[in-house]
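In what follows, a single structure is set out as structure tokens and then discussed.
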Amino acid sequence: MLKESGPAARRIGVLLLGQAALMVGLGLLLTLVMAHHLPVSAEDNVNRFLAAHRTPTGNTVTSWFSTIANTPAVVTGTAVCIAALLLLPRLPRWREAVFLGGAVAVQSAVFLLVTLCVERPRPEVHHLDGAPPTSSFPSGHTGASTALYGGLAVLALSRLRGPWRYVAAAVLFLVPPAVAVSRLYRGMHHPTDVLGGLVNGTCALLVMGRTLLARRSPWVPGRPAPAAASASAAASTASASTAPVAAPRPRAAGLRAAVVHNPTVTSDDLRARLRAVLDRHGYTDQAWTETTVDDPGGGPAAAAAASGADLVVVCGGDGTVMACAGGLCGTGTPMAVVPCGTGNLLARNLGLPLDPVAALDDALGGEPAPVDLGVASGDGLEPTCFTVMAGAGFDAAMVRDASDRLKARLGWVAYLLSAARHLRDPRMRITLRLDGGPVLHRRARMAVVGNVGSLQGGLPLLPDARHDSGRMDVLLLDPRGPAGWIAAAGHLGARMLPGRDRTPEQAAPTRRAARGALEYFTAARVELDLGGPQPRELDGDAVADGRTLVVEVRPGALLVRLPADRAAGRDRAAGSGTADRAPAAREAGPLTAGT
């Protein structure tokens with residue numbers, strides 16, 4: 001447990017910063033930017049209508065829902081549930097206890113921060129409850145009830161068995177919306193305030209659930225916890241085995257490694273530790289080359305491959321990795337990725353540790369595995385290899401305008417602040433052609449062509465993308481208004497909940513839509529006409545604006561050393577049929593677009 005707590009705490013901290021930035025950004029967007037554009041009178045009319053139609057029965061029912069979501073009730077309920085999870089003899093579940101308590105605490109911390117940064121008066125109607133001296137945005141009662149009762153619903157769905165768990169989860173999931181309606185009825189919040197509370201509580205559940213509960217087996221009270229059962233089985237197997245343990249195979253000596261490193265993100269101490277790892281794995285002949293503004297790594301990588309190096313080690317962010325991948329494309333020289341940048345998206349998607357030394361050690365202990373490369377081109381853009389994603393529109397503008405100073409201080413959270421500036425950018429008129437097929441006409445705020453699918457924090461932007469499928473996945477994002485953005489975020493965030501991970505065989509062959517905001521395709525060649533000059537980016541680096549973006553896949557063009565378990569998993573998945581997915585859009589009727 002202690003070994004897991006450090007990485008989990010770091011991940012929660014990073015995601016918490018992102019949640020806080022999101023909520024503060026939404027609050028400022030609502031009160032400062034969109035105050036003159038939203039139908040404020042419509043919100044006021046909702047509050048006045050509810051106040052004018054109050055009844056004794058409605059007052060009683062809403063008072064009860066408001067009471068079970070106030071601070072004393074939530075604190076007491078959370079403490080009782082944690083005690084039950086930790087202290088009852090047949091229910092010792094520390095992960096579940098930390099998940100539930102952490103979700104409530106995260107929601108509360110973000111709520112307090114937002115109320116310090118955002119000032120919004122409460123509705124001008126008679127208040128049936130006492131109004132605390134905090135901003136009306138977001139609703140604390142709604143956020144707290146979402147974290148507590150929504151968290152209990154998640155535990156019921158993901159940890160229990162039997163059909164009754166669906167009934168219990170449904171009842172628990174209905175509590176936060178009931179609290180939200182009650183707070184509106186009692187005149188305590190505007191509609192967008194309770195919506196903000198729901199978002200805050202849901203984000204808290206996603207942060208804690210993705211870190212602590214993802215990909216764990218259902219739990220039945222009275223049975224051993226899955227981890228304990230696995231450990232017991234492993235111990236029994238070990239004690240029963242009489243076969244001697246094979247000695248480690250001696251490593252080859254004198255292997256040549258070319259190390260391409262970005263000097264701005266690799267300290268002297270880190271380079272010394274990486275040298276030691278290479279020496280320990282037999283790479284005693286090392287040549288170290290720094291990247292420059294003129295050559296971010298492609299030249300040294302290509303030169304190393306031409307000279308017969310056994311390995312090229314890339315120390316930097318996704319931009320450095322992309323440049324080196326272009327230099328190694330088709331050479332057969334394996335690459336080891338040492339994540340040292342802000343995003344490190346390729347390393348994350350390949351399952352490498354984000355600690356540079358651990359990533360190199362694990363990679364050198366594994367085997368080379370083929371990874372697809374994308375080649376992007378267009379007007380003003382020479383053919384360029386990328387490993388992660390190519391994009392145009394909203395995401396490219398966000399990448400282009402993110403402050404280097406904030407990225408150095410806040411990491412990827414700086415991108416969220418940049419994104420808030422582009423939420424109201426105009427939509428693009430896109431012409432799309434897949435594998436030379438018929439032309440499709442769409443409107444979207446963002447187009448992404450990806451080789452892998454997850455962003456920071458595990459957000460599955462392209463949930464079915466695989467680095468060895470021989471195809472590229474395409475996403476068109478077109479949220480319309482605040483409701484569309486929230487629906488799209490909820491659609492993506494729901495995939496982070498426990499139990500939502502799917503094998504390729506289970507992936508639904510459909511075009512998915514969240515209020516008409518998301519549309520997915522897959523193809524080996526993607527041609528995009530953006531209707532005019534638009535921001536474009538490759539692997540998180542902005543490139544020249546342009547009207548067209550053409551992407552072709554080069555299957556298995558890059559060899560990347562992966563940890564042994566990841567390479568084995570790739571081999572097992574080779575026959576899953578992922579590479580044989582239909583090339584056209586995954587069709588399903590889109591839902592109604594938000595307004």
Is there any pair linking a residue in region 188-207 that is part of a helix (DSSP H, G or I) and crowded, with 24+ Cβ neighbours inside 10 Å to one that is among the charged types (D, E, K, R) and modelled with pLDDT under 90, with Cβ under 8 Å and at least six apart or on different chains, and which? 193/120
Verdict on residue 526 being under 17 Å from residue 326 (Cβ atoms), modelled with pLDDT of 95 or more and surrounded by 20 or more Cβ atoms within 10 Å (Cβ to Cβ): no
Filter region 1-54 for residues that are modelled with pLDDT of 80 or more and assigned to a loop (DSSP other than H, G, I, E, B); the one that is surrounded by the most Cβ atoms within 10 Å (Cβ to Cβ) is 54
Looking at region 309-325 only, could you name the residues that are in contact with an Asp or Glu (Cβ under 9 Å, 6 or more places away or on another chain) and β-branched (Val, Ile, Thr)? 321
Looking for whichever is part of a strand (DSSP E or B) and either loosely packed, with under 15 Cβ neighbours inside 10 Å or modelled with pLDDT under 50 (or both) here; the options are 498, 509, 535, 555. Which one fits? 555
Regarding residue 372, is this residue surrounded by 19 or more Cβ atoms within 10 Å (Cβ to Cβ), within 27 Å of residue 474 (Cα to Cα) and touching a Gly at 6+ places or on another chain (Cβ under 6 Å)? no
Select the strands (runs of 3 or more DSSP E) contained entirely in region 276-388, then report the ones holding at least 1 residues which are free of Cβ contacts under 8 Å to residues at least 60 places away in the same chain and under 30 Å from the mean Cα position of the chain (by Cα). 311-316, 335-339, 381-386
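The values are calculated or read from the model by the stated rules, or taken from the named source; none is laboratory data. None of these values were measured; they are calculated from a predicted model. Cβ atoms come from the backbone with ideal geometry, glycine included; neighbour counts cover every protein chain shown.
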